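K.L.:
One structure follows; several queries about it will come next.
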Amino acid sequence: MDGNEFLEVKDLVVEYTSGGRVIHAVNGISFSLEKGKNLALVGETGAGKTTVAKSILRILPDPQGVIKNGSITFENQNLLKLNGSEMRKVRGKKISMVFQDPMTALNPVKTVGYQITEVIRKHDLIAKKDAIEQAKKMLEMVGIPGERYYEYPHQFSGGMKQRVVIAMALANKPDLLLADEPTTALDVTIQAQVLEMMSNLKETLGTSIILITHDLGIVAKECDIVAVVYAGEIVEYGDKESVFRNPAHPYTKGLFGAIPDLHSNARRLANIEGLPPDPSEPLTGCCFHPRCKYATDKCAANKPELMEITPGHLCRCFQSAN
Amino acid sequence: MISEKKRDTLVEIDHLKKYFDVAAGTVHAVDDITMKIDRGETMGIVGESGCGKSTLGRNIIHLQNPTSGNIIFEGKDVTRPDAKELKRLRGEMQIIFQDPYSSLNPRMTVEETIMEPLILTNRVPKEKMDAETKRIMDLVGIARRVRQSYPHELDGGRRQRVGIGRALALDPKFIVCDEPVSALDVSIQAQILNLLMDLQDEQGLTYMFITHDMSVVRHISNNISVMYLGQLVETNETKKLFNYPLHPYTESLLSAIPTIDLDHQHERIKMKGEITSPIDPKPGCRFAARCPYVKEECHQPQKLEEILPRHFVSCCRVRELRKEQIGRAMREFEIERGKNHAKAREGVDNGQ
């Protein structure tokens, strides 16, 4: 990591307090992203993927969620040091986010067009008429006729709503798009349309995307770099080719084994026994050792670092190092 | 119809229809579906949300009453059962729901949930109740220590196990699995799929497995029926359906699935628009509006035809569009049949 990256997240630690308990959602996550590349954060529910994205935009629930440590450098400024008004200039302009559920991400009592225009006018001093024109163009870019500008969210189907949300997120041509499970709520055919649209936008606008997903199939199609997240830590990191062809961490291997794939004929799925650790209880050793088939005493006692196993391919496991 | 051997049909659905009246007209949720499900098999039902797959499952097990058509279970017409018959059928046909969060009573413990069907049917004498509950919990892999736990204390995978335990309590023959793993994480999903397959092997269960996930359905099903807007558009054995998808909808559905295999990244076949409204649909192929091959004749009513042995497709252009695939599949079928005959003859010779 040589310091001139477009985005660099370093040693990020995020905690939530809930009912007097401290939940360790993110425990020291570091990664960097070059401009124009797509990064996937892969992992199961509760792994801390969404928390990472919300930390970048600084929209963690206040006061429950607190960034305890770390830095997030975006285009040479530490986002965590910005004050409220400086941060608002970044949000929706340079970095924007698409949320998982399009049904709840839109305001039901405003027209979809108004909601897109609002984002544009917040950041640019342009005439209302021009903003409307631009919003209509955005709608058309995501495959919705411009005439539907004056319609309300309930008049759209799920897939169309998600496209409206994406149009909103892209209205200011952000440099970075955080897409949090953007297609999980959609049918496969619509999912394919939305993903295709997102990769076209990447081509035309040069936007980098951080895609949060649990679906490795989508990662295979859309991403360049993969970070596998487990219990608030990155357990494996590398370009798609190395991670998919030579998964090194036992958790990553488990994930691949657990997916019924179209091109495999295994009758039984290799499931990962047990459950992810309770994030409110401190854990010694490797975060995955209670579920790991290969765990030794060393794994229970010491915490492995992210180690480079082949150039650019990192893995947090004692076994994979040798 | 070309039948290879005598089928042991457990559930038969004959021209089943379920319509709902809404303000805007009539929703044709299930529109004239005919299918047979054999004992011990898993019939996968796939399609997009709103295509009527859940409605179909719910009608078969009498959670809803069909508008018309017949349901035949073990050779007996059970379309409109009386109260007594319905009670008997509840023991024979069960359901596992999608959302293990909302399908369990939050005020009942794990034990009470599993025991309830046993109590309601007086199937097990009181003194054996405890042992029976334990047996079911073991069967579905719920640790005894969570007997007294309430649903909110359990994670999604365990809750789904409770849902499965409840469905199995009455020792049913047929279970409708309505998206049983869609709400679960992949590693937990694999645990539940393995459990369902083990239970099927041990208990000889027959499943109707409803899902929108093509990878899951390929993994678990013997046969697959593809639904579009309340109708069956294609049905076949799983492997053959994936090798030779004939209906344009099946083809684009399969091509839309993201795969983790970097060497088999396929091009998506473009499908226009989204699933259209099931309210008062026009006659003719319902997929026509999105189909890349649509022609004039597609606006005539379509019927499900046996294009290849046991491979039914509802598309008037299929023979012309898929000439090559049909030819290949037919040759494969002939070879297979030849092999089976040779085997059968050998068996007879050896038996003599």
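K.L.:
So which of A:Val42, A:Val22, A:Val26, A:Val9 ends up being within 14 Å of another protein chain (Cβ to nearest Cβ), in contact with a Ser or Thr (Cβ under 7 Å, 6 or more places away or on another chain) and of a type outside the set (Gly, Ala, Ser)? Break it down stepwise before answering.
P.N.:
Working: A:Val22 fails: within 14 Å of another protein chain (Cβ to nearest Cβ); A:Val26 fails: within 14 Å of another protein chain (Cβ to nearest Cβ); A:Val9 fails: within 14 Å of another protein chain (Cβ to nearest Cβ).
Sole residue among the options that is within 14 Å of another protein chain (Cβ to nearest Cβ), in contact with a Ser or Thr (Cβ under 7 Å, 6 or more places away or on another chain) and of a type outside the set (Gly, Ala, Ser): A:Val42.
K.L.:
Is there a residue being surrounded by 18 or more Cβ atoms within 10 Å (Cβ to Cβ) and at pLDDT below 90 anywhere in the stretch A:306-318?
P.N.:
Checked against the condition, which is being surrounded by 18 or more Cβ atoms within 10 Å (Cβ to Cβ) and at pLDDT below 90, the stretch A:306-318 yields no hits at all.
K.L.:
Being of a type in the set (Val, Ile, Thr), under 18 Å from B:Leu56 (Cβ atoms) and at the interface with chain A (Cβ under 9 Å from one of its Cβ atoms): is that true of B:Val217 here?
P.N.:
On the way: of a type in the set (Val, Ile, Thr): yes; under 18 Å from B:Leu56 (Cβ atoms): yes; at the interface with chain A (Cβ under 9 Å from one of its Cβ atoms): yes.
For B:Val217, the condition - of a type in the set (Val, Ile, Thr), under 18 Å from B:Leu56 (Cβ atoms) and at the interface with chain A (Cβ under 9 Å from one of its Cβ atoms) - is met.
K.L.:
Can you pull out the residues in the stretch B:248-287 that are surrounded by 14 or more Cβ atoms within 10 Å (Cβ to Cβ), in a loop (DSSP other than H, G, I, E, B) and within 7 Å of another protein chain (Cβ to nearest Cβ)?
P.N.:
Result: B:Ala256, B:Ile257, B:Pro258, B:Thr259, B:Ile260, B:Asp261, B:Arg268, B:Met271, B:Glu274.
The rows are residues; the columns are (1) buried (at least 21 other Cβ atoms within 10 Å of the Cβ); (2) more than 24 Å from B:Cys51 (Cα to Cα); (3) among the hydrophobic types (A, V, I, L, M, F, W, C).
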position: A:Lys161; (1), (2), (3): yes, no, no
position: A:Lys173; (1), (2), (3): no, yes, no
position: A:Glu181; (1), (2), (3): no, no, no
position: A:Ala185; (1), (2), (3): no, no, yes
position: A:Glu203; (1), (2), (3): no, yes, no
position: A:Ile212; (1), (2), (3): yes, yes, yes
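K.L.:
Only residues that are in contact with a Pro (Cβ under 9 Å, 6 or more places away or on another chain), within 11 Å of another protein chain (Cβ to nearest Cβ) and outside any helix (DSSP H, G or I): list them for the stretch A:159-192, please.
P.N.:
Correct list: A:Ala185, A:Leu186.
K.L.:
Next up: A:Ser71 - would you say it is surrounded by fewer than 18 Cβ atoms within 10 Å (Cβ to Cβ), at negative phi and of a type in the set (S, T, N, Q)?
P.N.:
Values: surrounded by fewer than 18 Cβ atoms within 10 Å (Cβ to Cβ): yes; at negative phi: yes; of a type in the set (S, T, N, Q): yes.
So A:Ser71 fits the description; yes.
K.L.:
Return the total of residues in the stretch A:58-78 being touching a strand residue (DSSP E or B) at 6+ places or on another chain (Cβ under 6 Å) and either closer than 30 Å to A:Ala220 by Cβ or touching a residue at least 24 places away in the same chain (Cβ under 8 Å) (or both). Before the answer, list the steps.
P.N.:
Of the stretch A:58-78, the ones touching a strand residue (DSSP E or B) at 6+ places or on another chain (Cβ under 6 Å) are A:64-74, A:78.
Narrowing further to those that are either closer than 30 Å to A:Ala220 by Cβ or touching a residue at least 24 places away in the same chain (Cβ under 8 Å) (or both): A:64-74.
Total satisfying the criteria: 11.
K.L.:
Moving on to the next point. Go through the stretch A:271-290 and give me each residue that's surrounded by fewer than 20 Cβ atoms within 10 Å (Cβ to Cβ) and either in contact with a His (Cβ under 9 Å, 6 or more places away or on another chain) or without any contact (Cβ under 8 Å) to a residue 40 or more places away in the chain (or both).
P.N.:
Hits for the stretch A:271-290 are A:Glu273, A:Gly274, A:Leu275, A:Asp278, A:Ser280, A:Glu281, A:Pro282, A:Leu283, A:Thr284, A:Gly285, A:Pro290.
K.L.:
Any idea how many residues of the stretch A:278-291 are more than 12 Å from every other protein chain (Cβ to nearest Cβ) and in a loop (DSSP other than H, G, I, E, B)?
P.N.:
Kept after step one, since they are more than 12 Å from every other protein chain (Cβ to nearest Cβ), are these residues of the stretch A:278-291: A:279-287, A:289-290.
Retained after the next criterion (residues that are in a loop (DSSP other than H, G, I, E, B)): A:279-287.
Residues that pass the stated criteria total 9.
The values are calculated or read from the model by the stated rules, or taken from the named source; none is laboratory data. Everything numeric here is computed off the predicted structure, so don't read it as measured data. All Cβ positions, even for glycine, are placed from backbone atoms using ideal geometry, and neighbour counts span all protein chains on display.
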